[in-house]
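Everything on this sheet refers to the single structure shown next.
The values are calculated or read from the model by the stated rules, or taken from the named source; none is laboratory data. Keep in mind that what you see is a predicted model, and the values were worked out from it rather than measured. Neighbour counts are summed over all protein chains in view; Cβ atoms, including those assigned to glycine, are modelled from backbone coordinates with ideal geometry. Protein only, heavy atoms only, side chains kept; ligands, DNA and RNA dropped before computing areas. Shrake-Rupley method; radii C 1.70, N 1.55, O 1.52, S 1.80 Å.
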Amino acid sequence: DEGNAALARRDWGLGNPNPDKALVPPCVEFSSCGGVQMQDISDDMLIFFFCPRASEAESVEEILYKHEAENADKLLLSVFVNPLLVDMGVTGFGMAGRMLRERLIDPLQPTYYLRTLQWGALTRLWPRQFTVWQEDENEADGYRLIKSMDRLPSNPEVEDIYDIENGMMNDPEKQKGFGLLNSLGDFVNGMTRL
């Protein structure tokens, strides 16, 4: 937002008459997503979006696609740091959220990912896989790897991985057959977690 952009400009010394006191080069600019776009980004080679939120998704998408269309020969990289562009309260769970994910989020390649959980963490350091870790005081660094995946697992999948690892749920990949009662039981268990 504009407040954070102003705070970064102040704390990092942008516009300081003495360039030696600035923490970033003079070519770096800060701006908020949304509202009136004050800065000229037509010559930018890199664009960083820091913590864009769901309420700013439309502006982020407009800036990104407009800049890519007009300046494809100059733009080398767009980076999203800790984006939260889909939020049930803002974008909804239905078609609007799904379309936003398909247009903007799904094409992105997560290179670094860290989400803390009550019982562990979900991580990725590109080009490695996504990894789910559980706190374990017996391990030297305090965490034990419980699963690696080639894609970002959904929240329910992460909880299922933990439940399977700790014996609170049967692993569907190891179960024989797809009985109606097993499927119904999994559905009921999933609904009770909501």
(Q) Would you confirm whether or not the range 101-119 contains a residue that is open to solvent by less than 80 Å² (accessible area, probe 1.4 Å), modelled with pLDDT of 90 or more and of a type outside the set (S, T, N, Q)? (A) yes
Q) Hey, among the residues in the range 153-169 that are surrounded by 14 or more Cβ atoms within 10 Å (Cβ to Cβ) and assigned to a loop (DSSP other than H, G, I, E, B), which one's modelled with the lowest pLDDT? A) Met169
Q: Search the range 22-34 for residues that are under 27 Å from Leu85 (Cβ atoms) and pair each with any residue that is loosely packed, with under 13 Cβ neighbours inside 10 Å when their beta-carbon atoms are under 7 Å apart and the residues are at least 6 apart or on different chains.
A: Glu29/Gln39; Ser31/Met38; Ser31/Gln39
Q.
Of everything in the range 19-40, what is at pLDDT 70 or above and open to solvent by less than 80 Å² (accessible area, probe 1.4 Å)? Give them in sequence order.
A. Ala22, Val24, Pro25, Val28, Phe30, Ser31, Ser32, Cys33
Q: Taking the residues in the range 65-83 that are aliphatic (A, V, I, L, M) and either touching a strand residue (DSSP E or B) at 6+ places or on another chain (Cβ under 6 Å) or not in a helix (DSSP H, G or I) (or both) as candidates, determine which candidate is nearest to Leu122 (Cα to Cα).
A: Val81
